[in-house]
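Q: This is the structure I have questions about; it appears just below.
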Amino acid sequence: MNRTGIRHEDKYAPERRTPLVPNDVRSLVNEHGIPFKVQTSPKRIFTHREFEAAGAEVTGDLSGCDIILGVKEMPVGYFRKGKVYVYFSHVIKGQSQNMPMLRDLMDAGASLIDYERILDEQGRRLIFFGRHAGIAGMINTLWTLGQRLKVLGKANPFEKIRQAATYDSLDEAKSDIRQAGEELLTRGLPEGAGPLLFAVTGDGNVAQGALEIMDLLPVEKIPAARLARDNSREQCDDPRKIYLVNLIPADYMVHREGKEFYLADYIAHPDAYESRFEHFLEPVDVLVNGIYWDEKYPRLVTREWLRNREKQGSLRLSVIGDITCDPEGSVECTVKATGIEDPVFVYDPATGDHIMGFEGPGVTVMAVDILPSELPRESSEHFSRLLSPWIPALARADFQVSFDRLQLPAELKRAIIVHNGRLTPDYAYLEEYL
């Protein structure tokens with residue numbers, strides 16, 4: 001039985017999540033006899049005493065563990081021969097900032113399993129924080145909207161909403177959002193501040209989390225087809241509600257030869273399509289971006305489009321909650337990922353410059369790249385519930401045998417990026433990035 005360790009998170013100072021929570025550790029110890037060590041941490045949302053009561057040993061040293069579970073990337077110099085490290089590595093796109101880490105892990109003769117690659121037969125992720133990224137991202141977007149309107153001298157119900165990280169629980173945040181919704185219904189928004197049209201991109205876990213928060217407010221949902229047809233705000237005239245459109249690629253990606261949109265074809269041949277997203281964006285006040293993006297796909301929002309609209313005096317877009325957070329990626333004015341301590345900046349389309357905070361000309365952008373960390377208890381409990389059923393198979397596996405003889409469920413085996421220092425066949429392409 002492999003000894004399993006839970007690592008202290010050290011990449012970000014505000015990181016308080018854990019991949020497994022005490023209740024699930026207790027079940028794994030009692031029902032499967034898996035020995036656990038939990039590394040001491042001064043900030044983890046669950047206490048040392050809770051893990052000890054669950055049957056784990058709390059220690060400063062995980063060197064005796066065979067499998068080490070974490071959340072975020074682990075540092076160069078940390079890896080040891082024969083050990084298995086399980087975490088979000090952010091290497092599968094050949095991300096340059098993480099190639100030294102990947103090389104170090106390989107040189108050490110260790111193994112890497114990435115949560116992001118634990119997929120079912122349809123390619124859907126089985127273990128994820130995405131829902132809570134969407135929840136925290138939407139809370140922060142509403143907070144950003146409230147603070148931006150306040151800076152502009154427009155009193156509004158969203159002022160009472162706080163940054164997600166400042167709440168003791170998700171229930172507390174939801175209570176404030178419901179109260180804001182009640183005030184919106186009663187008083188509406190001041191002249192010049194509404195009505196508001198929100199656009200949320202995507203239909204995966206991130207977008208569903210964001211939409212879950214929007215359901216707490218008085219919302220009228222607008223079909224994408226209607227927005228595409230009239231591209232106007234004529235029927236968005238009630239300042240006591242929020243108008244909401246949910247956009248997915250089928251709505252705004254158009255085949256260059258006029259063929260019908262098929263998601264699988266778009267994923268395989270993105271160059272055959274062009275984006276009409278900015279057409280949808282013209283009447284939008286608040287954009288919440290929760291859709292996966294890669295460099296091979298067209299951008300959703302370009303700096304050029306923002307600059308042209310600003311020059312013409314027709315730029316409505318005032319707030320962007322970029323949950324996806326690919327700097328200079330799908331939302332090109334996301335010039336940087338922001339931290340929990342300083343989460344918002346204002347991007348000036350005319351100059352291309354940005355100023356941290358809520359003041360200044362331009363579009364206000366919230367681009368925190370570790371949003372689930374703002375809800376550490378709830379996001380850890382959700383993640384642990386998804387991860388814990390896979391732990392017994394990891395604990396029983398013999399990782400010292402050759403990769404082809406390694407006995408693991410297919411979902412886990414497909415997620416092994418490195419096995420004992422060597423890239424596995426599905427990830428051999430990463431050699432060119434190294």
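Q: Look at Glu31 and say whether it is more than 26 Å from Leu375 (Cβ to Cβ) and out of contact with any strand residue (DSSP E or B) (no Cβ under 6 Å at 6 or more places or on another chain). Write out each step before concluding.
A: Numbers: more than 26 Å from Leu375 (Cβ to Cβ): yes; out of contact with any strand residue (DSSP E or B) (no Cβ under 6 Å at 6 or more places or on another chain): yes.
Yes.
Okay, residues lined up against (1) in the same structural domain as Gly421 (by TED's automatic domain parsing); (2) over 25 Å from Gly130 (Cβ atoms); (3) in contact with a Pro (Cβ under 8 Å, 6 or more places away or on another chain):
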residue: Pro14; (1), (2), (3): yes, no, no
residue: Asp24; (1), (2), (3): yes, no, no
residue: Asn30; (1), (2), (3): yes, yes, no
residue: Phe36; (1), (2), (3): yes, yes, no
residue: Arg49; (1), (2), (3): yes, yes, no
residue: Ala53; (1), (2), (3): yes, yes, yes
residue: Glu73; (1), (2), (3): yes, no, no
residue: Arg80; (1), (2), (3): yes, yes, no
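Q: Considering only residues that are in a loop (DSSP other than H, G, I, E, B) and closer than 25 Å to Asn420 by Cβ, look in region 93-136 and name the one that is nearest to the chain's Cα centre (by Cα). Talk me through it step by step, then tell me what you get.
A: Here is the first cut: in region 93-136, the ones in a loop (DSSP other than H, G, I, E, B) are 93-95, 109-110, 118, 120-124, 126-129.
Okay, now just the ones that are also closer than 25 Å to Asn420 by Cβ, so 93-95, 109-110, 118, 126-127.
Values: Lys93: 16, Gly94: 19, Gln95: 17, Gly109: 30, Ala110: 27, Ile118: 16, Leu126: 15, Ile127: 13 Å.
By that ranking, first place goes to Ile127.
Q: Are any residues in region 352-382 of a type in the set (Asp, Glu) and over 21 Å from Val301 (Cα atoms), and if so, which ones?
A: Glu359, Glu374, Glu378, Glu381
Q: Do you know which of the residues in region 306-324 that are over 27 Å from the mean Cα position of the chain (by Cα) and charged (D, E, K, R) is surrounded by the fewest Cβ atoms within 10 Å (Cβ to Cβ)?
A: The extreme case among them is Lys311.
Q: Shifting gears a bit: With the structure loaded, tell me whether Leu217 is in contact with a Cys (Cβ under 8 Å, 6 or more places away or on another chain), within 14 Å of Val288 (Cβ to Cβ) and outside any helix (DSSP H, G or I) or whether it fails that test.
A: Details: in contact with a Cys (Cβ under 8 Å, 6 or more places away or on another chain): no; within 14 Å of Val288 (Cβ to Cβ): yes; outside any helix (DSSP H, G or I): yes.
No: the conditions fail for Leu217.
Q: When you look at Tyr266, is it surrounded by 15 or more Cβ atoms within 10 Å (Cβ to Cβ) and either on the phi < 0 side of the Ramachandran plot or of a type in the set (Gly, Ala, Ser) (or both), yes or no?
A: Yes; evaluated as a whole, the condition is true for this residue.
Q: Oh, and also: Determine if region 230-237 includes at least one residue that is in the same structural domain as Gly357 (by TED's automatic domain parsing), under 29 Å from Gly130 (Cα atoms) and at pLDDT below 95.
A: no
Q: Please go through region 256-297 and give me each residue that is closer than 19 Å to Val245 by Cα, of a type in the set (Asp, Glu) and not in a loop (DSSP other than H, G, I, E, B), ordered by number. Please lay out each step first, then the result.
A: Let us first name the residues in region 256-297 that are closer than 19 Å to Val245 by Cα, namely 275-292.
Right, trim to of a type in the set (Asp, Glu) and you get 278, 282, 285.
Listed by number, the list holds a single entry, Glu278.
Q: Search region 202-232 for residues being within 22 Å of Arg148 (Cα to Cα) and in contact with a strand residue (DSSP E or B) (Cβ under 8 Å, 6 or more places away or on another chain), and hand back the single one that is surrounded by the most Cβ atoms within 10 Å (Cβ to Cβ).
A: Looking at residues that are within 22 Å of Arg148 (Cα to Cα) and in contact with a strand residue (DSSP E or B) (Cβ under 8 Å, 6 or more places away or on another chain), I get Ala210.
Q: From the set of residues in region 26-48 that are among the basic types (Lys, Arg) and not in a loop (DSSP other than H, G, I, E, B), which is nearest to Ala13 (Cα to Cα)?
A: Checking each candidate, the answer is Lys37.
Q: Which strands (runs of 3 or more DSSP E) does region 343-434 wholly contain that include 3 or more residues that are within 27 Å of the chain's Cα centre (by Cα), at pLDDT 95 or above and more than 30 Å from Ala164 (Cβ to Cβ)? Can you show your working first?
A: Details: elements: 344-347, 354-356, 363-366, 416-419.
In region 343-434, 416-419 are the strands (runs of 3 or more DSSP E) which contain 3 or more residues that are within 27 Å of the chain's Cα centre (by Cα), at pLDDT 95 or above and more than 30 Å from Ala164 (Cβ to Cβ).
The values are calculated or read from the model by the stated rules, or taken from the named source; none is laboratory data. Predicted model, so just to flag it, every value in this text is computed and none were measured. Cβ atoms come from the backbone with ideal geometry, glycine included; neighbour counts cover every protein chain shown.
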